[in-house]
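Structure below; questions to follow.
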Amino acid sequence: MEADEILEFQVKKALEHSSGKVSLAIETKNGRIDINSHKQMKSASTIKLAVLLEAFSQIDRDLVKPYDIIRLQPEDFTQGSGVLFHLGSVKKLSFEDLLTLMIIVSDNTASNLVIRTVGIDRVNALLNRLGCNETVLGRQFMDIQAALDGLDNFTSAADLVTMLKAVDSGELLSEDSRRRVLHILKKQQLLTNLHGRIDEEDEVSVASKSGSLPGVVNDAGIFEYRGDKVYAAVLVSDSPDNHSGQEVIAEIGGYIYDWLKMQESPAG
């Protein structure tokens, strides 16, 4: 069997361990694995990847600057994932610091401040331009009233891979912004999903954004090893518990790691 056939076989076997709904897309240099890849699912915090792209798009257009200072008011501190809610002495941060916290620890306070700065409509307009038809930013994070009103955030594995490729292609962002976005994504601190079976010191790098809700575990990332890249997104919902979803996604991440290790280095 060829390496890509092995990868597809392994991925499908891994998904047999999942009792939930799955949306998956994995793209290598040789081809693509799509399993319900256009199925619209709850995005959880993976939607923050779209917010990050729009933020750096606005930086490129000089609508906002990375060093702009954003002041935090008491009402801005939002519960859920992240650290700012627990750091009451923090009164101001740069825009780029908020972007970093939004991604590497999925901070909801930082995310909402970024969303208010760039605008929900502009994030959705960017998604439309990218052709991400299953993805929508419907509300800010921990907005209970909006959720009760039926507003939510959605995406699909196919759309997340499109976003990752938009980051990496250089067609959407300036080279400086592209480099900054990848730097932030590679500093991810939440490492239980696609990273789960990769040692932090390994030469394989993963630039990613994950997300979770009760019964929902998602992750999307760019794997890179000696010039070879894999774009991957796995979304699992309706799991009996989040650990089950994490295990499935980590198993798939491990198989992507194995695929990369099987490739010949262009420099070799």
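All of the numbers you see were taken from the coordinates with simple rules; none came from a lab. No experiment lies behind these values; they were computed from the predicted model shown. Every residue, glycine as well, gets a Cβ built from its backbone with ideal geometry; the counts of neighbours run over all protein chains shown.
Restricting to the range 199-225, name every residue that is surrounded by fewer than 20 Cβ atoms within 10 Å (Cβ to Cβ) and either under 24 Å from PRO240 (Cα atoms) or hydrophobic (A, V, I, L, M, F, W, C) (or both).
Correct list: VAL204, LEU213, PRO214, GLY215.
Tally time: how many residues in the range 1-20 are surrounded by fewer than 16 Cβ atoms within 10 Å (Cβ to Cβ) and in contact with a strand residue (DSSP E or B) (Cβ under 7 Å, 6 or more places away or on another chain)?
Number satisfying all stated conditions: 0.
Mind telling me which of the residues PHE95, PHE85 ends up being crowded, with 16+ Cβ neighbours inside 10 Å, without any contact (Cβ under 8 Å) to a residue 40 or more places away in the chain, aromatic (Phe, Trp, Tyr) and closer than 23 Å to GLN188 by Cβ?
Just one listed residue meets the conditions, PHE85.
Just checking, how many residues over the range 233-250 are assigned to a helix (DSSP H, G or I) and over 23 Å from ILE222 (Cα atoms)?
Going through the range 233-250 one residue at a time, the tally reaches 0.
Another question, then. Could you go through the range 124-147 and let me know if any residue there is in contact (Cβ under 8 Å) with a residue 24 or more places away in the chain, of a type in the set (Gly, Ala, Ser), under 27 Å from ALA232 (Cα atoms) and assigned to a loop (DSSP other than H, G, I, E, B).
Yes, the range 124-147 contains at least one residue that is in contact (Cβ under 8 Å) with a residue 24 or more places away in the chain, of a type in the set (Gly, Ala, Ser), under 27 Å from ALA232 (Cα atoms) and assigned to a loop (DSSP other than H, G, I, E, B).
Considering each of SER81, SER37, SER106, SER89 in turn, give the residue that is more than 30 Å from SER23 (Cα to Cα) and in a loop (DSSP other than H, G, I, E, B).
Exactly one residue qualifies, and that residue is SER89.
Would a scan of the range 148-156 turn up a residue that is hydrophobic (A, V, I, L, M, F, W, C) and within 14 Å of the chain's Cα centre (by Cα)?
Checking the range 148-156: at least one residue is hydrophobic (A, V, I, L, M, F, W, C) and within 14 Å of the chain's Cα centre (by Cα).
Any residue in the range 42-61 that is of a type in the set (Val, Ile, Thr) and assigned to a strand (DSSP E or B)?
no
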